[in-house]
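The structure under discussion appears below in the form of structure tokens.
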Amino acid sequence: MTASISSNGFKAGSKPRPLLRISLGFLVIALVLGLLGDFEITTLDPWIEIERMVAGIITPDFSATEDLWSAVVNTVAFAILGVALGNAMGFPLALAFQFRAVRILCAFIRSVHELFWALIFLQVFGLTPLTGVLAIAIPYAGIFAKVYSEILEESDPAPLQTLPKGTSSISTFMFVRMPDAWAHFKTYALYRLECGLRSSAVLGFVGLPTIGFHLESAFSQGRYSEVTALLIIFYVIIATIRKWVHARLIPLYIILALLVIPWTGELATSNLVRFFTYDILPHPLRVAETFDMGTLSALGAWLSIMWNEQALPGIIATIILTQVALVGSGALTLLFFPLISPKFFNTFGRTTGHIFLVVLRSTPEYVLALIFLLLWGPSMLPAAVALALHNGAIIGHLIGRYTEDMDLRPDSPKGLNLYAYDVLPRLYPQFLAFLFYRWEVIMRETAILGILGIATLGFYIDSAFADLRFDRAMFLIVVTAILNIGIDTLSRYIRGRLRLRTTADVV
Amino acid sequence: MPLLELKNATVQYNGTAVLNNLSLGIEQGEKIALVGQSGAGKSTLLNLLYQQCKEDAALVPQDLGLVRSLSVFHNVYMGRLNKHPSWYNVVNLIKPLKKEVDQVLPILIQVGLEEKVFEPIRELSGGQQQRTAVARAIFKDSSIFFGDEPVSAVDEHQSHTVMQAISASHQTVVLSMHDVELALKYSSRVIGLKDGDLVMNEPSGSLKASDLDGLYKQ
């Protein structure tokens, strides 16, 4: 007992409240960074835009363009193919997860956001279906590998000792480890398909024919009735996912997706080779005829300019936005979860709460940010609010469900007293665990909001792609990946220190 | 030479002796009952003996070692995973083959589980799970059976059926038991343990249930 207290770094008798301390620490950091960062409303009269949006929301127009339905079909098709391929690649990687090289590879490919993968593949494969499918499949393979290996690790080893000698390793794996893991695999893959639908929608913003493509033009031209119609269809697809996805139907869906996906564009393998062997090399190396001291010093100058003018400012902005959005997500979670909890609301109230949270978490954070950007003008504020709402809704949903199984004593207090004295203290460790798990996800999302003009790392990456400076883009993508892996490691360390656990079903 | 033999075996966990300097021989064809209070060292002794001959022995461990998501049929079939190529096992996992079901069914009838063939283990009661583990051990078709309290959760009537099935299908049987009546009835020799010491080693025929009372006194 003594050992466990001292190893935790708290002295007996000093009433250690590590969870409170870490929460306050993060809050203070976020407040300070919030003052340093660029958070303001720059539009002169946001009310005009709000009026137009509200008008659009109450008059959804499902006949706006004939492309609307094909965009919806494409969104689902890209999601199904991307998630299926990610699964197919992630599963063998999960089996090889004990190798360090595999773990590093997976950490890298999942730390690069699918929009950046899309920007890379656009240069290589052009606007072909392969670009969209791989942009989802590659990062998802890294995520599947990690989560599946965690699930497999948790299978009960007890049956191993009764197996007859000479049982092959394939039979052992299939009979002992797979059966328990299978149900978890299915749950997780379904959750990932939901994420895949969001990713697929967002890929439209870089030109693929999914609903993001139409959302962007509808937003930029203020056609909010069309925006509303697209989003409503999208919510219905996500809300009914359990109704239309069944294990037996998956092969059929894959075949259908392959049939409906628009096989446009040409595939040039010469692009592939040129991109990876020439385009992404730092400029001084490309122009150098021989590799000498001159080349080396030019490379040093290139790196120093890239670091000082792009990477460093990008990193600072990314961290500021991440920390503010993280604490904002936490605060909103604590506000949101009672909305769907039977401990606080009756069936009618909870149904409303559910619809509210489904809308918030199904709307891609990118779209939310775009809405607030139109309302408030460019600064970090729209991005931070969008991320906080989206992630607050996701964690709020999980925590709210968690309260369903909570037993209350018969004479427990009601309302605010129940919240503050009973429910909140009991679920706080779980809440922090989910929030820290989400930290790295939030950082990945802040980076892509750069594409909307917020000067995070993603902004510099997007600009580099726009200028066809792929060497710069690649350098910044690697910097972003390292930053994400760093946050992931830090989060795991903090969760370990605080002895917080998250189940693999939740990411 | 005995089939199984221990000489001056001592086992310690964290400095506490679980078995003290224990010597023991078991001949082929013997039915051994290990009796004693919980914590006396029965499970440790059983595992020690099992390690000596695990290649041709079947084991029902205390935690049963069942795969909870799989059906009764699949868990029993696992007793013979080494008899078939992997592809055959995988096919049988996805779709139970009639040939294999026909082989497993008679054993399930013996232990009274013929109505639960395709139920997943997690849906079963503790006694039904124990009977599944026994069925798997019988299906393995070994000459030696090791069981750590294999019928402790089975009801009285059925525990006799299950014990008979175990005895009938194995030449040599080593069981740890807490039910003294059952232990005497289905064994040829009783080995009594107390605090890690061997304190009794007698043919069952010469013992009455009351003779074992001493093992359970402090």
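Data for the structure
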{"quantity": "Mean separation of Cα contacts under 8 Å (6+ apart) over length of chain A, as relative contact order %", "calculated": "21 percent"}
{"quantity": "Residue among B:LEU193, B:LEU81, B:LEU34 with the largest mean-square fluctuation in a Gaussian network model of chain B, springs linking Cα atoms under 10 Å", "calculated": "B:LEU81"}
{"quantity": "FRET E, pair A:LEU27, A:TYR235, Förster distance 41 Å, beta-carbon r, rounded to 0.05", "calculated": "0.80"}
{"quantity": "Furthest towards positive pole of dipole, B:ILE32, B:SER43, B:LEU108, structure part chain B, Cβ charges", "calculated": "B:LEU108"}
{"quantity": "Relative contact order [Cα under 8 Å, 6+ residues apart], the stretch B:4-216, whole percent", "calculated": "31 percent"}
{"quantity": "Residues in the stretch A:209-251 reached by a label modelled at A:VAL358 [backbone nitrogen below 19 Å; 7 Å Cα→Cβ]", "calculated": "A:228-246"}
{"quantity": "Cross-link reach list, lysines versus A:LYS414, counting only Cα pairs under 29 Å and skipping chain neighbours closer than eight places", "calculated": "A:LYS15, A:LYS343"}
{"quantity": "By average C-beta atoms within 10 angstrom, highest first, the peptides A:40-53, A:331-344, B:126-139", "calculated": "B:126-139, A:331-344, A:40-53"}
{"quantity": "Low-density loop positions, GluC sites (Glu not before Pro), the stretch A:267-369 - DSSP coil, at most 12 other Cβ in 10 Å", "calculated": "A:GLU289"}
{"quantity": "Choice from B:LYS140, B:LYS54, B:LYS194 with maximal GNM fluctuation in chain B (Cα, 10 Å cutoff)", "calculated": "B:LYS54"}
{"quantity": "Span per principal axis, largest first, for the Cα atoms of the stretch A:38-166 (Å)", "calculated": "75, 38, 33"}
{"quantity": "Column: log10 I(q)/I(0), Debye, Cα scatterers of the stretch A:324-455, q = 0.12, 0.14, 0.18, 0.20 Å⁻¹", "calculated": "-0.48, -0.63, -0.93, -1.07"}
{"quantity": "Contour minus Cα-Cα distance for B:ALA153 and B:GLU27 (0.36 nm per residue)", "calculated": "42.5 nm"}
{"quantity": "Rg and Dmax of the protein assembly as shown, Cα atoms only, in Å", "calculated": "32.2, 102"}
{"quantity": "Value of relative contact order over the stretch A:61-176, rounded to a whole percent, pairs C-alpha under 8 Å and six or more apart", "calculated": "34 percent"}
{"quantity": "Chain B: most fluctuating residue of B:HIS178, B:HIS157, B:HIS170 per GNM, C-alpha cutoff 10 Å", "calculated": "B:HIS157"}
{"quantity": "Per-residue mean of C-beta atoms belonging to partner chains within 10 Å, peptide B:86-92", "calculated": "4"}
{"quantity": "Spin-label model distance (nm) - B:VAL199 vs B:TYR88, 7 Å beyond Cα toward Cβ", "calculated": "5.1 nm"}
{"quantity": "Those GluC sites (Glu not before Pro) in the stretch A:216-278 that DSSP places in a loop and that have at most 12 other beta carbons within 10 Å", "calculated": "A:GLU266"}
{"quantity": "Hull-based mean projected area of the stretch B:72-218, where the convex hull spans the alpha carbons, in square nanometres", "calculated": "10.2 nm²"}
{"quantity": "Rounded FRET efficiency, nearest 0.05, which uses the C-beta distance separating B:ASN14 from A:LEU281 and R0 of 41 Å", "calculated": "0.10"}
{"quantity": "Size of charge dipole - the stretch B:4-216 - debye, nearest 20, with Cβ of Lys, Arg +1 and Asp, Glu -1, no other charges", "calculated": "680 debye"}
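Here, each number is a calculation from the coordinates, and none is a lab measurement. As the structure is a computational prediction, the values presented were derived from the model and not from experiment. Heads up, the Cβs are rebuilt from the backbone with ideal geometry, glycines too, and the neighbour counts pull from every protein chain shown.
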